[in-house]
Amino acid sequence: MTIYEPSLILDGMSSSNGSAGRLSLYLILVLVISAFTLAILVLPYDTVYVQDRAYLDWFLAVMIVCFAVFVLGTVSNALVWMRGKGLVGTPESRLMRTVARALSVIFSRKIVRLTSVFLREALYITKLRELSMLRWFAHFMILGGFLLMFALDIFVTLSLDIFGWETMISEDGWAKLLVRDFAFEIAGLMMLVGLTMALTRKFVVRPKQHSTEGADAASLVFLFLIVVGGFVLEGMGMAGSISGHEGNELYSFVGYAFSLVMPGSAGDYYDQAWLVHAVMSALLIAFIPFSKLFHMLVTPVVIQLEMLLGQEGGAL
Ligand code: HEM
């Protein structure tokens with residue numbers, strides 16, 4: 001799918017400042033990755049889940065590497081889009097200009113409209129709806145569950161790590177039960193249902209015609225293993241009665257179902273299972289730019305940004 005239209009680019013970037021653009025881009029990349037690393041090293045990042053700090057440190061180290069791979073992969077994808085015929089300047093300098101214009105939209109009031117249109121475009125996808133209601137529903141559950149979990153994650157991280165919100169921490173706090181237990185469970189369940197449907201279609205039904213717009217099998221399997229791993233982890237915590245997991249049967253009902261088939265000793269390996277789950281999700285982030293997931297997430301954003309900038313008399 002084409003998400004970058006060369007004819008929309010304005011001429012005017014002289015090739016003589018191409019190497020300066022290239023240098024600036026790579027300097028910015030180094031700065032972004034260094035800032036992320038610094039934030040992880042400096043912030044008093046903590047977790048209410050894992051007991052042994054060494055596991056957390058290992059995860060943070062892997063996360064830094066995966067973030068760097070994600071950024072470099074994303075930029076190399078973007079540079080491929082920037083290679084249009086008959087354009088002036090290097091792809092790097094065009095990318096810099098595109099990012100600057102995109103940021104001017106993101107840090108303006110237009111971000112509200114951009115977000116709402118993105119959600120509508122990404123979740124509603126009329127074309128897929130007309131093709132098959134089942135495929136549309138599976139896609140809605142996967143992306144909807146993922147976005148919900150992402151939003152919840154930001155909210156919980158802020159309230160736990162930054163604000164130390166007691167009702168989010170204490171065992172019977174309403175925010176802990178309704179957000180950390182129940183809302184996360186719903187997001188995870190949505191993904192589990194959608195992924196099971198998509199994988200059944202790919203590996204059991206095996207339709208003759210594969211749409212080029214669907215996610216590739218590797219991304220789906222990867223995501224499925226992470227989601228199942230999350231529920232297994234929750235089940236281990238409940239089976240082993242680890243603190244924060246007692247009395248959660250009602251709110252963490254899927255994790256509870258998993259805990260029923262686990263011995264109490266499963267709780268002894270909770271930290272190790274946490275590391276596997278966390279590292280797998282970090283690896284997924286690194287894998288995104290190299291998978292079709294990237295195009296599924298980025299396409300609606302780029303289309304909307306182009307429309308918004310087009311209305312102002314310019315384009316990306
Ligand atoms: C692609 C990213 C991820 C996905 C799709 C995912 C999915 C899930 C799911 C479905 C669950 C079980 C139900 C629930 O409570 O939501 C879960 C649990 C959990 N996840 Fe993740 N997860 C991701 C990333 C992470 C990361 C990066 C960490 C830690 C750094 C993490 C830590 C946990 C923990 C601690 C639990 C269990 C909570 C408990 O014991 O009750 N997850 N995850």
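The values are calculated or read from the model by the stated rules, or taken from the named source; none is laboratory data. Owing to the predicted nature of the structure, the values given are computational and were not obtained by experimental measurement. Virtual Cβ from ideal backbone geometry, glycine too; neighbours counted across all protein chains shown. What goes into the accessible areas is simple: the full protein's heavy atoms, side chains included, and nothing from ligands, DNA or RNA. Shrake-Rupley method; radii C 1.70, N 1.55, O 1.52, S 1.80 Å.
Would you mind counting up the charge near PHE155? Only other residues with Cβ under 12 Å from its Cβ, with Lys and Arg at +1 and Asp and Glu at -1.
So the environment of PHE155 carries a net charge of -1.
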Over the range 143-216, the quotient of the Cα radius of gyration and 2.2 N^0.38 Å is 1.52
Residue-ordered couplings for the range 243-250, obtained by feeding phi - 60° into the Karplus form 6.51 cos²θ - 1.76 cosθ + 1.60 and rounding to whole Hz (Gly and Pro as x), are 4, x, 10, 7, x, 9, 3, 6
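Hey, got the dipole for the range 18-311? About the Cα centre, +1 on K and R Cβ, -1 on D and E Cβ, debye to the nearest 20?
It works out to roughly 2060 debye.
As an exercise, identify the GluC sites (Glu not before Pro) in the range 216-297 lying in DSSP coil whose Cβ has no more than 13 other Cβ atoms within 10 Å.
The qualifying sites are GLU246.
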Got a sec? Charge dipole of the range 18-311, +1 on Cβ for Lys and Arg, -1 for Asp and Glu; which of ALA278, PHE258, THR196 is way out at the positive end? THR196
Given a 1.4 Å probe, how much area per residue of the range 18-311 is accessible, in Å²? 54 Å²
Straight-line reach only, C-alpha to C-alpha below 25 angstrom: list the lysines that LYS292 could link to, leaving out same-chain residues fewer than 8 apart. LYS85, LYS127, LYS202, LYS208
Just grab the label-to-label distance for GLU166 and ILE40, each label 7 Å out from Cα along the Cβ direction, in nm (one decimal). 3.4 nm
Rank by packing, highest mean first: peptides 266-273, 93-100, with packing defined as the count of other Cβ atoms within 10 Å averaged across residues. 93-100, 266-273
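Run the accessible area of the range 93-180 with a 1.4 Å probe and give the carbon-and-sulfur part as a rounded percent. Show your work: numbers first, answer last.
Details: 3840 of 5330 Å².
About 72 percent, which is the carbon plus sulfur part of the accessible surface.
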Relative contact order (%) - the range 18-311, alpha-carbon pairs under 8 angstrom, separation at least six: 24 percent
Estimated FRET transfer efficiency (VAL65, VAL221; beta-carbon r; R0 30 Å; 0.05): 0.85
Are there trypsin sites (Lys or Arg not before Pro) in the range 168-240 that DSSP marks as loop and that have at most 10 other Cβ atoms within 10 Å, and which are they? LYS208
